[in-house]
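To start, the structure itself, in structure tokens.
The values are calculated or read from the model by the stated rules, or taken from the named source; none is laboratory data. Keep in mind that what you see is a predicted model, and the values were worked out from it rather than measured. All Cβ positions, even for glycine, are placed from backbone atoms using ideal geometry, and neighbour counts span all protein chains on display. These accessible areas exclude ligands, DNA and RNA; they are computed on the full protein's heavy atoms, side chains included. Shrake-Rupley method; radii C 1.70, N 1.55, O 1.52, S 1.80 Å.
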Amino acid sequence: MAELIAFLIEHFQNFADCPTGGDLCNILEEVGFGETEIRKILTLVDVLNEESQLQTGSQSAGGLRAYWPEEIERLPAEVRGLLHSLEQAGALDAGQREFVINALMFMPAEEITADTAKVMTLLVLWAQNAELPVLIGDELMAALHGQATMH
């Protein structure tokens with residue numbers, strides 16, 4: 001999924017420019033992505049389109065998020081810690097964090113890693129055309145490309 005999200009971010013500067021539905025499906029098939037990956041990304045793009053306003057800033061900054069037992073069971077401590085640090089650094093607001101958590105909860109447990117959480121975070125931030133501090137953006141982009149993009 002990381003390669004597919006990287007493709008979208010690299011080929012469509014703005015989320016608004018990204019085609020949807022059948023048009024996006026055709027583009028991704030032509031590039032060579034698999035049917036399962038395409039179905040997953042189409043669902044995410046549809047949800048992001050529906051959630052054009054992800055309740056940004058709706059919860060107070062600095063609050064502690066309590067995780068449900070099901071979330072603790074499925075989301076590794078490393079993922080929860082990453083989301084907390086991204087929120088504390090101002091890269092994610094509470095609404096964006098919740099969207100990332102919900103997206104991760106629908107993934108197979110074995111696929112939920114810190115890198116997957118970084119990729120989902122990038123997808124949400126790209127969809128909202130959000131600006132990232134350089135060092136945080138570099139860290140998140142490393143999940144797409146396997147290495148930091150800036151030195």
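Rounded to the nearest percent, how much of the accessible area of the range 1-132 (1.4 Å probe, protein heavy atoms only) is carbon and sulfur?
49 percent
Describe numerically, in nm with one decimal, the distance between label points set 7 Å from Cα along Cα→Cβ at GLU35 and at THR20.
Label at GLU35, label at THR20, 2.4 nm between them.
Express the Stokes-Einstein translational diffusion coefficient of the range 66-115 in µm² s⁻¹, to the nearest whole number, given a Kirkwood radius over alpha-carbon pairs, 4 °C and a viscosity of 1.567 mPa s.
This corresponds to a translational diffusion coefficient of 118 µm²/s.
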